[in-house]
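Step one of this worksheet: look at the structure below.
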Amino acid sequence: MAAPTERTLNYGLRFASIFALNTNGTPAGTNATAYEGIQVAGSTAFELNVPDARKLSGLGEDGVTQVVYLPPNEGADGKLNVEAADPTLAALLDGTLVSSVGEMSIVGIGTDKQGFEPKVGMMLYQAARGLLTGSIYWHTFFIPSAQVIRKSPGMTSDKGVTTYQIAPNKTTKHLWGPSFANGTEGFLVAQILEAWSNNPYRVAGFKGTGAAVDFNFPTDYPAVQTSGIKVYKNGTVVSSGITLATTKVTFAVAPLITDEITILREVAG
């Protein structure tokens, strides 16, 4: 199925996931079991702030001689509002650990790790409806690298909402590894990638074991079709020596223990 090109109305926030990254900047799989990050349960709103361009006006002869627009002098950033507390996610974003005392789980606030938060990747998607056909599509933001600052709420008579401040880094490659190129993307550096698809995508990170040849998708989220599966090893697309199925990817030769594998697939909406 071809990628959608129809104009769309985008709405809601269906899914958000945050990934620990390996040294290659891809989702940090540890073995042949799929690592799909930590889903941000209870996410209600993602606010994206893209600063206005700088406007320079040349003056002369009692009027404007020329107008020039330059890139903004601040980067894009965002904010994610979440109504579910998650100590595991908090520790990942803060660069700390979840400790236990008795039967309590404990994470810190205002620690000495502030300002040194680890780089993480993000993926968020929402539904979209075609303006001409009414077809359902999916609108996605990929943030290959960012620092995310957690702001835990206090206590009131209302529900608690945790705010995550998102500071995307300038990056030269996709979350799944390949570098941007002028001949492919039309740019070399970006903060955020925006995408539209016929079905929502999931990103899974794996690591070779030297023996495993099957890399299975989570049972609850098989691919809807093999044509949407894309496989990358160490940041390079793999187009031969693999067999694609809706439940897994099988390598003809087992990837090495040093191989980082990232697989994209479409799942049912």
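Read-outs throughout are calculated quantities, based only on the coordinates presented, and are distinct from any laboratory measurement. These numbers come from a predicted model, not from an experiment. Counting neighbours? That spans all protein chains shown, and the Cβs are built from the backbone with ideal geometry, glycine included.
Under 22 Å between alpha carbons, and skipping anything fewer than 8 positions from Lys233 in its own chain: which lysines qualify? Once the sequence-local lysines are set aside, what remains near Lys233 is Lys119, Lys173, Lys207, Lys248. Neighbour counts of C-beta atoms inside 10 Å place Arg14, Arg265, Arg202 in the sequence Arg14, Arg202, Arg265, starting with the fewest. Set against the labelled values (1) -0.54; (2) -0.47; (3) -0.60, log10 I(q)/I(0) by the Debye sum over Cα atoms at q = 0.10 Å⁻¹ computed from this structure falls on (3). Mean-square fluctuations from a GNM of the chain, with a 10 angstrom spring cutoff on Cα atoms, peak among Gly228, Gly130, Gly60 at Gly60.
When you restrict to C-alpha pairs under 8 Å that are six or more residues apart and normalise by the size of segment 155-221, the relative contact order lands at 20 percent. Restricting to DSSP loop positions (anything but H, G, I, E, B) with no more than 10 other Cβ atoms inside 10 Å of their own Cβ, which chymotrypsin sites (Phe, Trp or Tyr not before Pro) remain in segment 167-222? Answer in residue order: Phe187. When you restrict to C-alpha pairs under 8 Å that are six or more residues apart and normalise by the size of the chain, the relative contact order lands at 21 percent.
In deg cm²/dmol and to the nearest 500, what is the mean residue ellipticity at 222 nm of the chain if only DSSP H runs of at least 4 residues count, each as -39500 (n - 2.57), divided by the residue total?
Mean residue ellipticity, 222 nm, calculated: -1000 deg cm²/dmol.
In order along segment 118-132, phi translates into HN-Hα couplings of x, 6, 10, x, 9, 9, 9, 9, 9, 6, 8, 10, x, 6, 9 Hz, rounded to whole numbers, per the Karplus curve 6.51 cos²θ - 1.76 cosθ + 1.60 with θ = phi - 60° and x for Gly and Pro.
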